[in-house]
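The values are calculated or read from the model by the stated rules, or taken from the named source; none is laboratory data. What you see is a predicted model, and the numbers here were worked out from it, not measured in a lab. Here the Cβ positions follow ideal geometry from the backbone for every residue, glycine too, while neighbour counts run over all protein chains shown.
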Amino acid sequence: MTSLPATGAHDAAAPLHPALIERMVAVCGREHVYTDADQLRTYESDGLLQYKVTAGVVVLPATTAEVRGVVRACWAAGVPWVARGAGSGLSGGALPVEQGVLVVLTRMRDVLEVDLPNQRIVVQPGVTNTEVSVAVGPDHFYPPDPSSQIVCSIGGNVAENSGGAHCFKYGFTTNYVTGLEVVLADGDVVTLGGKELDHPGYDLLGAFVGSEGTLGICTSVTLRVIPLPETIKTMVAFFDTTAAAGEVVSEIVSGGVIPGAIEMMDNLTIQAAEKAVGAGFPTDVGAALIIELDGSLDECEACFDDVVQICERNGSLSIRIARDDADRALIWRTRKAAFAAMGRLAPNYFVQDGVIPRTKLPEVLARIAELSESYGMRVANVFHAGDGNLHPLVLYDGEPEAERAEELAGAIVEACVDAGGSITGEHGVGVDKKRYMPRMFEEPDLAAFQMLRCAFDPRGLANPGKVMPTPRLCGEVPGPYRRHPLERDGIAERF
Amino acid sequence: MGPAGTMRRETPGTAAGVAELLRACADEGSAVRIEGAGTKPWGRPGADCAVALRTGALDAIVEHNAGDLTAVLQPGVSLRVLGETLAAGGQMLALDPPLGAGGAATVGGLIASADSGPLRHRYGAPRDLVLGVTAALSDGTLAHAGGKVIKNVAGYDLAKLFAGSFGTLGVIVEVAVRLHPRPPAQATATATTDDPARLELLASGLAHSALELQSLDVRWEAQAGTVLARFGGVAAADQAAAARRLLVELGAEAAVVEDDEALWAAQRAGQRSAEGGAVVRVSGRPTRLAAACVAAQVAGATLVGRAGLGVSWIALPAAPPGDLVTSIARVRKVLAPSPCVVLDAPAYVRTHLDPWDHPDDGALALMRRVKARFDPTATCNPAVFVGGI
């Protein structure tokens, strides 16, 4: 079996060939091709700042044709590339490849079409998550709402299959993408799906969304949007312990109510967020549970009293019901500020993104408390309680503690997997969690992942070094002899 | 498919047994026909197969995690048995295809064919409810992707790739699915009209309202249309009354039906055809609903549709196969470029036209590459799928 040159063929130590850079300039224009060290440094990390790699060149294409030109040039030269949207990801998924090409899509930020009669919107990948909901407002919205929604791009959301606070009820990015235009690693442009559902053939949309930039670059995204609910009722209930709040979550859901959102913050998180936002949350309680019911007015009113009773039965200390839209916004600002606010408690933190079956919440939280104590490091917990997606924040003070903090964060991820969960619920594997992949997946599983990757990108040029725990090459497909594109292009020979 | 009598029937009792069988068949160059209960003889007639693999012996409900609203299922579990088991705990798998609750359809067949019913409006299709998959591949391995928690982005989402793949990539030997609470009550608002454009308008009014619909269907039959809006929840009847008011505001005569199960059973049944007929699934848009109704009427067919999603099923009555081919071609021509996939149809029809219509060329090339990677020996359900995959 012949192996194709993959990432191993790329020489990370050697500077990019000037001819490749000139090709990028010809495609995108000189002002959109960055090669100065200072400019390259701006892009050396994504939202996960502990990883830094300098790309050989940063290019900012503005059209599908330009993206195609960039990718084709990389294919011809055998140079790996990484696509990046706003760079707000938290797994190092948009970390550049040393001396590779970084394709930044922030210039592709047009809303191409708003088709409300069919409840669709077509956007370029650099459009932000918030801009989508604004474009279809005031009567419709786009449900996936990552906390970074003001800055994060739809292209990045597609790559990561982003979630958010409201996805327990409404679903994730993958449930809303109905069509994509994708530039593949060999420069071919394919259309997957469209405005219609159920296009014939494999669900390549489903395979592409959440593939972390390893299968191609989407240059146009068609999204389903839905009517705003008739009513939204938001409350925060405060409890002595996270266990009590967790019991409330279980009782609400098992009673048949699917809240629009149900979010938990522990004491440390409340302290930090309250310092940052000043919403008037009590800082001496063990847990805050934000519960939002939305939908039909009749249904919400019928369920709301039940939810209040469940809280009271489980010993809620107090319940704050949002008086109006401003009050609701303040409650959500407190929740969404949680990560950023951690700076008020400690100079640094690692955020984790583990998922557990919801019923395992008490035992996993107890395990996290144990780990926190044995490491002597504080762990703040904020999570999407409905779907069991935990965001433990391991607080630490500067470089000397970083290694142990990372070790503690890793132990938390392992506790999630041991409880039957996942290493990542919405941040993605990227570079940061790929070492944990073997905890969830065995060799035949990883081999099947590689089959998909090789179908899309046989030379492994798209975002190499991410997701998979170890680098892999694509073998040739057995079967009738076919000239591989590399042979056709005179780049490789069969032996 | 070759004459049934010449196929060796195999019903492995373990996932490993399925994988071993596939490997043995791949090694000897034998193709394998993969079936659940055999309720959906769709797609191209396919290549001759030496072995018929049925999943009936893999029929365990492996886990029902009631508190987590998830379940782990073997493919041969029948939807009827699953529904009864989950209903005892007030839960459901929110997929209600034809031949499910009242028929023989299996979990594996449902997912492999991506079939669905009226609940899709609110809860999505199989792809949206499958959390994880374990598949036996023709290289003899068992590959697992996803997990059994409702939120998980670790690794590629092969569960979605396998959903709707018609057994052409491998055999689904286990799936993890998301469950939902059963609504405590249901009620339906309906209105009728004999004008396809008005039917589209009424459906659009409901789809764009803030009403929280469980299902939004239409029906066009014998030159008359009905729109049906179903609600689930403790206040289902109140919500249906609100929908009725909206329909009246839009100028329709509307009613609320609280004992509504028969209405929805008829919608599901409308997705299948009588012996000798054919069903065309139209991947349309809500704004092309009237056109689809007209196309159905011209063909002497009935239509049921998920009005908010734009997907419709046109059921052509029994006719000589050559006439069916002509009718289907006409429906496709009128509704182009909406993909029109032929589901139920006599083998003659599925031979004399491509049941899969025309996928995008680039996408089809990519699909061939996916097939070549997962099943390079073309062992699994060869030639039944798009482009002869």
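Got a sec? Which of B:Val248, B:Val256 is over 30 Å from B:Asp354 (Cβ atoms) and more than 14 Å from chain A (Cβ to nearest Cβ)?
When all the criteria are applied, what remains is B:Val248.
The one condition from (1) in a loop (DSSP other than H, G, I, E, B); (2) surrounded by 21 or more Cβ atoms within 10 Å (Cβ to Cβ); (3) within 11 Å of another protein chain (Cβ to nearest Cβ); (4) not acidic (Asp, Glu) that B:Pro183 does not meet is (2). Looking only at residues of the stretch A:142-161 that are within 10 Å of the chain's Cα centre (by Cα) and within 14 Å of chain B (Cβ to nearest Cβ), we find that the one that is modelled with the lowest pLDDT is A:Pro146. The lone criterion from (1) out of contact with any Ser or Thr (no Cβ under 8 Å at 6 or more places or on another chain); (2) under 23 Å from A:Ser254 (Cα atoms); (3) in contact (Cβ under 8 Å) with a residue 12 or more places away in the chain; (4) not in a strand (DSSP E or B) left unmet by A:Ile319 is number (4).
Selection of the stretch B:340-382 for residues being small (Gly, Ala, Ser), facing chain A (nearest Cβ under 9 Å) and touching a strand residue (DSSP E or B) at 6+ places or on another chain (Cβ under 6 Å) yields B:Gly362, B:Ala363. B:Tyr123 passes every criterion in (1) out of contact with any His (no Cβ under 7 Å at 6 or more places or on another chain); (2) farther than 28 Å from B:Glu20 by Cβ; (3) more than 9 Å from chain A (Cβ to nearest Cβ) apart from (1). Looking only at residues in the stretch B:322-340 that are surrounded by 22 or more Cβ atoms within 10 Å (Cβ to Cβ) and β-branched (Val, Ile, Thr), the one that is farthest from B:Ala292 (Cα to Cα) is B:Ile328. Could you tell me whether the stretch A:189-198 includes any residue that is touching a residue at least 12 places away in the same chain (Cβ under 8 Å), surrounded by 24 or more Cβ atoms within 10 Å (Cβ to Cβ) and more than 26 Å from B:Gly233 (Cβ to Cβ)? Within the stretch A:189-198 (the criterion being touching a residue at least 12 places away in the same chain (Cβ under 8 Å), surrounded by 24 or more Cβ atoms within 10 Å (Cβ to Cβ) and more than 26 Å from B:Gly233 (Cβ to Cβ)), the answer is yes, since at least one residue qualifies. Within the stretch B:217-240, the only residue that satisfies the criterion of being surrounded by fewer than 24 Cβ atoms within 10 Å (Cβ to Cβ), in a strand (DSSP E or B) and of a type in the set (A, V, I, L, M) is B:Ala224.
Output the helices (runs of 4 or more DSSP H) that fall wholly within the stretch A:137-253 and possess 1 or more residues being closer than 30 Å to A:Pro80 by Cα and not assigned by TED's automatic domain parsing to the domain that holds A:Glu312, or say none. Steps first, answer last, please.
Numbers: elements: A:154-160, A:167-170, A:204-208.
Helices (runs of 4 or more DSSP H) meeting the threshold: A:154-160, A:204-208.
Return only the number of the condition from (1) modelled with pLDDT of 95 or more; (2) of a type in the set (Gly, Ala, Ser); (3) surrounded by fewer than 24 Cβ atoms within 10 Å (Cβ to Cβ) that A:Ala380 does not satisfy. Against the list (1) modelled with pLDDT of 95 or more; (2) of a type in the set (Gly, Ala, Ser); (3) surrounded by fewer than 24 Cβ atoms within 10 Å (Cβ to Cβ), A:Ala380 comes up short only on (3). Taking the conditions (1) at the interface with another protein chain (Cβ under 9 Å from one of its Cβ atoms); (2) closer than 28 Å to A:Lys433 by Cα; (3) surrounded by 24 or more Cβ atoms within 10 Å (Cβ to Cβ) in turn, B:Ala176 satisfies each one other than (1). Taking the criterion of being under 9 Å from B:Thr188 (Cβ atoms) and either modelled with pLDDT under 95 or more than 10 Å from every other protein chain (Cβ to nearest Cβ) (or both), the residues of the stretch B:225-239 that qualify are B:Leu228, B:Ala229, B:Arg230.
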